[in-house]
Every structure is written in structure tokens, then in C-alpha cells.
Amino acid sequence: MLTTSSSSPADLSVPLIPPSKKADEPVAGKQKLCIDDMLNRFCGEFGVWQLRHFVLTSLAWALEAFHTMVMIFADREPEWRCLIPGSCSTGSGTVCGLEPGSWEWIGGSASSTVAEWGLICGQKYKVGLVQSLFFGGCMIDSIFFVDSRVHFVY
């Protein structure tokens, strides 16, 4: 049962940990630093080392972008054509109901990953599965392999 007494620990208007001083007063031995002051104090001015670190980090992200962009071109479903006239009258525009050997990929089987590995019809889910696994790995990498030495608390 809650009581309305201000000395009671059940009073919701009283903070659990009362402030020891005013928020504007500096605490002895501690300083308030903005991000720029802290970077200048602990990392120094922007110099050759920071430029090198920036370029190498950007290079890693650029390589990640290439891995992401290659999916657009490698996982596309290329055009196809009938080998025997009149045998490709499915009406659906897909090769799923056609007899094997009655059609071919335009550009050959090496034109994309889908054509090379036969990722069509019932196997089409594998394209999305591999892409999901790739981005899941990117997410795990960004969560667990962050540089743990970066701290903003002094």
C-alpha cells in the first residue's frame, strides 16, 4: 500500500538518488569537455596519423560497398530464348514450365550467378537467402567488432 508521506520511500515524486550539488556547479577533480576539446586534448590536432586512419577506414567501407553492389549484377536473372520455335508457349514469361533443353540463357550460363547455378523457379529462394546471410554477417561485424578502446568518459 502506498502512503502519501514525503518521507516514505514509496513517494514517487522524490528521486531515488538525490543530487549532491547543483547541476551547474563543477564537481571537484572533473571537467566538462565538449567533443572538440576532448579530441584535441587526447588525440591532438588533425595530422598525418589521423589522415592515414581516415583513409584506411574509408577504404574498408568502400570494399564493403563493392560487395554490396556486386549482388545487383551477379544475382540478376538474365533473358532467355527458345531453341525450338513454338515449344515455349507457356504464356507466363518464365522458364519454370518449360522442358529442359528447349530454351537457353541469352549470353550463356556464365552471364550471372542465377544462370550458372540454376537458381530459378523452386531454387529462387537461395538468392535471397545468401543476400540475407551476407547482410546478417555485416550486422554482426558492426556490433561485435567495434573498436572498444573508444570512450567518451574521462
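Values in this text are rule-based calculations from the coordinates and carry no lab data. What you see is a predicted model; the values in this text were computed from it and never measured. Using ideal geometry, Cβ is built from the backbone for each residue, glycine included, and neighbour counts are taken over all protein chains shown.
Short version: what are the Cα gyration tensor semi-axes of the range 75-146, square root of 5 times each eigenvalue, largest first, in whole Å?
Ellipsoid half-lengths, sorted descending, are 35, 12, 8 Å.
Please sort 95-105, 46-56 by packing, taking for each peptide the average over its residues of neighbouring beta carbons within 10 angstrom, highest first.
Result, highest mean Cβ count within 10 Å first: 95-105, 46-56.
Mind ranking 68-80, 109-121 by how tightly packed they are, going by the mean number of other C-beta atoms within 10 angstrom, highest first?
Final packing ranking: 109-121, 68-80.
Using a simple spin-label model with points 7 Å from Cα along the Cα→Cβ vector, what separation in nm is obtained for Lys30 and Tyr125?
5.4
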